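**Q** This is the structure I have questions about; it appears just below.
The values are calculated or read from the model by the stated rules, or taken from the named source; none is laboratory data. Not measured: the values here are computed from a predicted model. In this analysis, Cβ positions are derived from the backbone assuming ideal geometry, glycine residues included, and neighbour counts consider all displayed protein chains.
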Amino acid sequence: MDEPGPGPEPSPPPPALDPALIRWSFSVVERRAEHLGVYFYAHLFHHHPGLRAMFPERMSEQRDRLLSALTTAATHVDDTPTLVAYLRDLGFDHRKFGVLPEHYPAVGASLVATLKYFSGAAWTPQVEASWIAAYGVIAQVMVEAAEQVPASVPRYWDAEVTGHRRHGPDLAVLTVRPEPRYPWQPGQYATLTVAEQPRIWRPYSAANAPRADGTLDFHVRRVPGGLLSTALVERVGPGSTVRLGPALGSMTLPVDGLWPGGLLGVAGGTGWAPVRALVEAALGGGLPPQRVTLLVAATDPAAVYDRPTLERLAAAGVRLELVLEGQPAGQAAGQPAGQAAGQPAGQAGPGPDDQAGSQLLHALTRYGVLLRRMAGPQDWPHTYVSGPPAMVEAVRVQLEAYLDVPPERILHDPYGADLPAGGPAAGQPGSAAQWLLLRRERERQLRWIRPRA
Ligand SMILES: Cc1cc2nc3c(=O)[nH]c(=O)nc-3n(C[C@H](O)[C@H](O)[C@H](O)COP(=O)(O)OP(=O)(O)OC[C@H]3O[C@@H](n4cnc5c(N)ncnc54)[C@H](O)[C@@H]3O)c2cc1C
Ligand code: HEM
């Protein structure tokens, strides 16, 4: 028998969780994302048919946010603070679907089976161990967040529709009264669903400061072919019931109650809803109207559905610039409006490539340049930006890269999941998860474009 020789140095056991390996492994399969989604759900529902009833009837690839979030989270698993904050919200929100801790292994097994199926020779034991470990971390954060919610907090709130006002064919303002009382803060959004579109949940921002009677307003614009917006605009009316998931979003009032530079609201289309809630709450809390500036953009005069409120605010001293497509910026609310051009009224609102969008950016720049002559970055107002994704993105870039506004003064909702038809534009994230997780990379790029002094 040969004496055992020293042999090759035993390699150290591969660390179970290797973020670089996960990213590499995902780059092998990501070009086939649409097939991944089909396989993933087929696998999940074949092995766990009982889970099918939790999901909507129609499961288009566009709605495949679960898999997209999972893979985005796994490939950013080393970006701990951003990821944990995102996953905690997600775990809390998943209670509304009826998701329980025992469901997580099933989703994890289907994720691994899917990646393995599409990876071919790139699937190694180390890759598998890494994905399993990453999923374990993700699932644990979500499960713990859900478990920490006191049992007294409902999974969802049913609300009676007490008002339904139509503004033209495509827009409705709904007033709802949740039971029990709904905990939320101005600027936040709720996901809504209705019996007419079972298990179709979509986010809508509350449009008012909290009221004594507990009611909330939602401004809903119907998008062409939209499942839930069509139901909310056309099929729901007083006496109907809508279901609300827990309030989400961090576009809220400053926690210290201080407004060093006042409040700037930049809104397009129904993006006016959360800005309206924030302004109402800030004024109610004692912020003088003269310290509030509003830049409100719409594709045509008819799209300014809340003109009485804007006029009331302007009369109280709020500085208001109404930017209407085809009109010079600077138009005050109530002034006669010119002929609108371009997008039909049914569109979601102005983006940077249309006239109203670019006028909005000009108005913002004029205001910003004026302000910066008088004050430094720390005196910049708390800036709330809300509207179509492309508008929010353009305004954010304008503020950060060209007006040097500190990022913590710019507040907006996640917007990747709300991209218009045609899919994400080049270089843009394809889901709210991706948006959130890629934000840091984009901040680095912005600094590169214009290094700060
Ligand atoms: C944080 C957040 C807050 C939101 N707040 C509001 C709000 O206050 N009021 C409001 O009306 N909407 C709001 N939205 C948009 C809303 O959640 C839905 O995306 C929208 O109503 C479309 O849903 P749907 O089910 O009708 O359309 P879907 O059935 O999801 O989509 C149908 C088609 O329309 C396209 N599409 C989806 N959304 C849009 C869009 N916004 N513009 C153009 N095309 C679109 C889709 O790509 C698809 O082709 C918000 C979105 C987010 C992320
Ligand atoms: C651990 C990882 C998980 C992640 C990262 C994740 C992520 C997501 C995301 C981002 C969405 C979209 C939310 C929205 O649009 O508001 C979603 C929806 C959903 N998730 Fe999860 N999820 C996970 C686990 C689970 C589990 C274990 C279940 C239970 C089987 C589940 C069931 C659902 C359902 C039913 C939906 C709604 C689907 C739809 O509207 O199309 N998820 N998930």
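**Q** How many residues does segment 233-268 hold that are under 23 Å from Thr215 (Cβ atoms) and of a type outside the set (D, E, K, R)?
**A** The number of residues fulfilling the criteria is 19.
**Q** Could you list, ordered by first residue, the pairs with Cβ atoms under 6 Å in which the first is in segment 371-389 and farther than 17 Å from Ser250 by Cα and the second is surrounded by fewer than 20 Cβ atoms within 10 Å (Cβ to Cβ) and of a type in the set (Asp, Glu), at least 6 apart or interchain?
**A** Matching pairs, first to second residue: Pro377/Asp404.
**Q** Here is a follow-up. Go through (1) among the polar types (S, T, N, Q); (2) modelled with pLDDT of 95 or more; (3) closer than 30 Å to Trp184 by Cβ and name the single condition Thr82 misses.
**A** Result: Thr82 fails condition (2) only.
**Q** Restricting to segment 286-313, count the residues that are over 24 Å from the mean Cα position of the chain (by Cα) and among the hydroxyl-bearing types (Ser, Thr, Tyr).
**A** 1
**Q** Turning to a different aspect of this structure: What do you reckon, is Thr230 more than 30 Å from Pro377 (Cα to Cα), within 16 Å of ligand 1 (Cβ to nearest atom) and free of Cβ contacts under 8 Å to residues at least 40 places away in the same chain?
**A** yes
**Q** Residues in segment 105-118: is at least one surrounded by 15 or more Cβ atoms within 10 Å (Cβ to Cβ), under 23 Å from the mean Cα position of the chain (by Cα) and among the β-branched types (Val, Ile, Thr)?
**A** Looking for residues that are surrounded by 15 or more Cβ atoms within 10 Å (Cβ to Cβ), under 23 Å from the mean Cα position of the chain (by Cα) and among the β-branched types (Val, Ile, Thr), one finds none in segment 105-118, hence no.
**Q** Can you run down the residue pairs with Cβ atoms below 9 Å, 6 or more apart or on separate chains, where the first is in segment 85-100 and within 16 Å of Ala151 (Cβ to Cβ) and the partner is within 8 Å of ligand 2 (Cβ to nearest atom) and not in a helix (DSSP H, G or I)?
**A** Gly91/Val99; Arg95/Gly245; Lys96/Thr191; Lys96/Trp201; Lys96/Gly245
**Q** Also, quick follow-up: Residues of segment 373-412 being among the aliphatic types (A, V, I, L, M), more than 13 Å from Leu295 (Cβ to Cβ) and in contact with a Pro (Cβ under 7 Å, 6 or more places away or on another chain), which ones?
**A** Within segment 373-412, Ala390, Val405 meet the criteria.
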